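**Q** Got a structure here, written out as structure tokens. Questions coming.
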RNA sequence: GGGUCUGUGGUCUAGUGGUUAUGACACCGCCCUUACACGGCGUUGAUCGAGGGUUCAAAUCCCUCCAGACCCA
């Protein structure tokens, strides 16, 4: 008997690494396999890969999600689609600015702008390198040659051009509105960037005096904002105060440049049972204040400036920070005898997601994307898209139901895409660059081809070059865009919008948006908003929303909890004989986890098999190895066993005279393959992988291989044909999950890599397909056959006979009559 | 405080009204059998989060509560 062509004794991480490295060695081979060919006649399948944000280490949960996106990419190639699996890196944003500030211990705004941008660029490039390496290691079959960076001129051009397009359409407006503002970082932020943290705050009761001398108590946590108080309100049904409504009440704090009293009015948002039931409404303590000001038509006061300090409105407290002013206000009220009571309590206060700084609401002139008018339309488009799993669509609907204000998109930061606008002296005209050009208005003049627009009507007034001399001094916009303004163009960008119109026509709506559920309210929502405003179309055909990677106890992984697991440590576990160990802080104590070998293939197999899409998944390296490495070992050994028998010249044509057991396993295999093909088409990774695993580790080795072993040793060509055909097609169908594994097996034994297969394997033996009389009859025997084998093994064991010894007294069931000869030989029945 | 989702042996998981609730890992027991002991076979082990309801029949539908996750106020 010839030696197995699959020479390694077993599947190992070192073997895996060798294959992986060889896989990416030749750029031409790689490109032929995985690059997107826009000329192709095949159906396009464009994936709007979430561009990762490089921040040093890559979260293991995110790597798990990306590996599943790769499974989808590869399975679509297997189904014959022209897949574009882009590799993008999201590099704009406040995070990298923070990193540079931290590294140099110097605030951004103390730098020269150009110098600071250069430092951000250098730093983020280092992080990006590490990420590219991990992406290749885990087998992401991205088109790396077409890598896009969201901070590149190319990408930023698209963001700027889309902005101008939307502005001309009236979907973007400029307005003076209350904005959520981070005074520490000095920038506006959006609703979606606010989070809440518990803090201890003082709730103080302050005595106010009405013009008629009545004294009432008002509770507040923000006494420093009394100077911005526009009205005092009570609930319309609150009889305690009905006699005061319409009267004026004195502000208990000194103010400058405004009236010293306000009117008492009614408003239904007041909670009568909170404190005294009287509320002071300031511009702007919180979102409710904003709403009341708007509803009552009041003119807001500006109490806090852009540096987070009190304005002149605060009289003697002007110039103090918010916190200083608050302490001073309490002191002042106490000395005036107006401080009735102070209670310390825990309160959730809004802070900025990135800087964790308490945010203020400040009146600012900013740019907005209009969104409140178009929610119904977005919903209609959302209904046209297929969600995986369907229930996760609810995250989007919930968020949309909560939207009440437009999206502020301008930011007072630097390492972001610039707002492409110049302002003219008269404040009525603005200048925008031509489509397809990246501009930096803070340091450049308008380029050739720029247009002059009316600032409010958005009408094109003429060419900049012709009007230049009459425009006076021109000032470039210094503000930049919210990073989501860039990110929400990703599907347009990868589908060819602006740059490749002919591709775009075929590629849009983008086939797939895969993402985590935690960014539905930002990335998914903003993308759909853009598709609706710009093109009035659904952004995607499929939206695939995965759960989050959690620690082994089901908690979110975070630096502060100390329960994180580094992706590379899992992928490298077992390489060079080095085992992996992780110290993870559990709820009670720190637990030490160990594993001998995991690697990318086992890791991918685990994620594909262990959790349905959309569910949060627990990441425990010990379990990944225990549950799934054995599967690889098993499949490898089946292939290795097969590899010692000669491969028939023509694997594609089914030979005549197959034995009944050959036809039986082919009927089982075809049923499995049918399930797998449907599952791949439905982006259902779990079902496809489970079906393959069950077949490949169960019925194939335990029953078929045992049955035909003797025939194989006797060089029976039909048995060899059946086994090789099954193994070859199995590897093709399994290649999306374990590409390196199947590549190695298939190219070694069959001289053709499974990763190159671009059509789902045809039925080996159509006569026994699903729904055929013969096939169904054979499959109906499967459980009897397996039970009989099990019983016979059990009986031998009971009798103390080893499995290869002859045994007598075993009856073959009538229904298995056709298998009599092979079963007799298999079990040495007498 | 509100919304959404989730809750099945020790762990993970299948199962959207109908036999005895699926499978994997772990545990325990047996077995070196010419691919594989990083293997094979088998045995234990679940009142399906708790309680109530609808039904001839509930893990599955409804209600209440509890726990977790995500989001919001």
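The values are calculated or read from the model by the stated rules, or taken from the named source; none is laboratory data. Remember, it's a predicted structure, so these values are computed and weren't measured experimentally. Cβ placement follows ideal geometry from the backbone for every residue including glycine, while neighbour counts extend to all protein chains displayed.
**Q** Report, by residue number, each residue of the stretch A:773-809 that is buried (at least 16 other Cβ atoms within 10 Å of the Cβ) and more than 15 Å from RNA strand B (Cβ to nearest atom).
**A** A:775, A:778, A:779, A:781
**Q** Give the residue that is surrounded by the most Cβ atoms within 10 Å (Cβ to Cβ), with candidates limited to residues of the stretch A:503-518 that are touching a residue at least 24 places away in the same chain (Cβ under 8 Å) and part of a helix (DSSP H, G or I).
**A** Once the filter is applied, the top-ranked residue is A:507.
**Q** Hey, another quick one. Within the stretch A:383-395, track down each residue that is within 29 Å of residue A:291 (Cβ to Cβ) and crowded, with 20+ Cβ neighbours inside 10 Å.
**A** Result: no residue meets the conditions.
**Q** Another question about this same structure. Within the stretch A:457-467, does at least one residue satisfy the condition of being in a loop (DSSP other than H, G, I, E, B) and within 16 Å of RNA strand B (Cβ to nearest atom)?
**A** Within the stretch A:457-467, not a single residue is in a loop (DSSP other than H, G, I, E, B) and within 16 Å of RNA strand B (Cβ to nearest atom).
**Q** Here are A:472, A:476: which of them is under 29 Å from residue A:445 (Cβ atoms), modelled with pLDDT of 95 or more and away from RNA strand B (no atom under 16 Å from the Cβ)?
**A** A:476 is the lone residue from the list that is under 29 Å from residue A:445 (Cβ atoms), modelled with pLDDT of 95 or more and away from RNA strand B (no atom under 16 Å from the Cβ).
**Q** Of everything in the stretch A:582-605, what is under 18 Å from residue A:629 (Cα atoms) and touching a strand residue (DSSP E or B) at 6+ places or on another chain (Cβ under 9 Å)? Give them in sequence order.
**A** Listed by number, the residues that qualify are A:593, A:594, A:595, A:596, A:597, A:598.
**Q** Quick one: in the stretch A:779-820, of everything that is in contact with a strand residue (DSSP E or B) (Cβ under 7 Å, 6 or more places away or on another chain) and in a loop (DSSP other than H, G, I, E, B), which residue is nearest to residue A:671 (Cα to Cα)?
**A** A:810
**Q** Next question. So is residue A:73 at pLDDT 90 or above, outside the structural domain of residue A:724 (by TED's automatic domain parsing), crowded, with 19+ Cβ neighbours inside 10 Å and away from RNA strand B (no atom under 16 Å from the Cβ) or not?
**A** It is true that residue A:73 is at pLDDT 90 or above, outside the structural domain of residue A:724 (by TED's automatic domain parsing), crowded, with 19+ Cβ neighbours inside 10 Å and away from RNA strand B (no atom under 16 Å from the Cβ).
**Q** Got a sec? Which strands (runs of 3 or more DSSP E) wholly within the stretch A:184-281 have at least 3 residues that are surrounded by 17 or more Cβ atoms within 10 Å (Cβ to Cβ) and under 39 Å from the mean Cα position of the chain (by Cα)?
**A** By residue number, A:187-189.
**Q** Given the criterion under 20 Å from residue A:746 (Cβ atoms), outside the structural domain of residue A:755 (by TED's automatic domain parsing) and away from RNA strand B (no atom under 16 Å from the Cβ), identify the matching residue among A:21, A:39, A:16.
**A** A:21
**Q** Regarding residue A:279, is this residue away from RNA strand B (no atom under 16 Å from the Cβ), farther than 24 Å from residue A:189 by Cα and touching a residue at least 24 places away in the same chain (Cβ under 8 Å)?
**A** For residue A:279, the condition - away from RNA strand B (no atom under 16 Å from the Cβ), farther than 24 Å from residue A:189 by Cα and touching a residue at least 24 places away in the same chain (Cβ under 8 Å) - is not met.
To keep it simple, each residue is scored yes or no on (1) modelled with pLDDT of 90 or more; (2) surrounded by 19 or more Cβ atoms within 10 Å (Cβ to Cβ); (3) away from RNA strand B (no atom under 16 Å from the Cβ); (4) part of a helix (DSSP H, G or I).
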| residue | (1), (2), (3), (4) |
| --- | --- |
| A:343 | no, no, yes, no |
| A:347 | no, no, no, no |
| A:366 | no, yes, yes, no |
| A:397 | no, no, no, yes |
| A:413 | no, yes, yes, no |
| A:426 | no, no, yes, no |
| A:437 | yes, no, yes, no |
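**Q** Only residues that are part of a helix (DSSP H, G or I) and within 16 Å of RNA strand B (Cβ to nearest atom): list them for the stretch A:672-685, please.
**A** Hits for the stretch A:672-685 are A:672, A:675, A:676, A:678, A:679, A:685.
**Q** Of the conditions (1) within 30 Å of residue A:540 (Cα to Cα); (2) more than 16 Å from RNA strand B (Cβ to nearest atom); (3) assigned to a strand (DSSP E or B), residue A:387 fails just one. Which one is it?
**A** The single condition residue A:387 does not satisfy is (2).
**Q** Still on this structure, please answer the following. Condition (residue is within 15 Å of residue A:172 (Cβ to Cβ), surrounded by fewer than 21 Cβ atoms within 10 Å (Cβ to Cβ) and either touching a residue at least 40 places away in the same chain (Cβ under 8 Å) or within 16 Å of RNA strand B (Cβ to nearest atom) (or both)) applied to the stretch A:374-382: is it met by at least one residue?
**A** Within the stretch A:374-382 (the criterion being within 15 Å of residue A:172 (Cβ to Cβ), surrounded by fewer than 21 Cβ atoms within 10 Å (Cβ to Cβ) and either touching a residue at least 40 places away in the same chain (Cβ under 8 Å) or within 16 Å of RNA strand B (Cβ to nearest atom) (or both)), the answer is yes, since at least one residue qualifies.
**Q** Another question about this same structure. Of (1) assigned to a helix (DSSP H, G or I); (2) in contact with a helix residue (DSSP H, G or I) (Cβ under 9 Å, 6 or more places away or on another chain); (3) not assigned by TED's automatic domain parsing to the domain that holds residue A:257, residue A:371 satisfies all except one. Which?
**A** (1)
Here's the yes/no breakdown for (1) within 13 Å of RNA strand B (Cβ to nearest atom); (2) closer than 30 Å to residue A:703 by Cα; (3) at pLDDT below 85; (4) within 22 Å of the chain's Cα centre (by Cα):
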residue	(1), (2), (3), (4)
A:581	no, no, no, no
A:584	no, no, yes, no
A:589	no, no, yes, no
A:600	no, yes, no, yes
A:614	yes, no, yes, yes
A:626	yes, yes, no, no
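**Q** If you check A:737, A:699, A:708, which single one turns out to be in the same structural domain as residue A:816 (by TED's automatic domain parsing), away from RNA strand B (no atom under 14 Å from the Cβ) and either assigned to a loop (DSSP other than H, G, I, E, B) or in contact with a helix residue (DSSP H, G or I) (Cβ under 7 Å, 6 or more places away or on another chain) (or both)?
**A** Every option except A:737 fails the conditions.
**Q** Look at residue A:554 and say whether it is touching a residue at least 24 places away in the same chain (Cβ under 8 Å), out of contact with any helix residue (DSSP H, G or I) (no Cβ under 8 Å at 6 or more places or on another chain), surrounded by fewer than 20 Cβ atoms within 10 Å (Cβ to Cβ) and more than 27 Å from residue A:75 (Cα to Cα).
**A** Yes, satisfied.
Table: residues versus (1) buried (at least 19 other Cβ atoms within 10 Å of the Cβ); (2) more than 10 Å from RNA strand B (Cβ to nearest atom); (3) not in a helix (DSSP H, G or I).
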{"position": "A:603", "(1), (2), (3)": "yes, yes, no"}
{"position": "A:639", "(1), (2), (3)": "yes, no, no"}
{"position": "A:646", "(1), (2), (3)": "no, yes, yes"}
{"position": "A:657", "(1), (2), (3)": "no, yes, yes"}
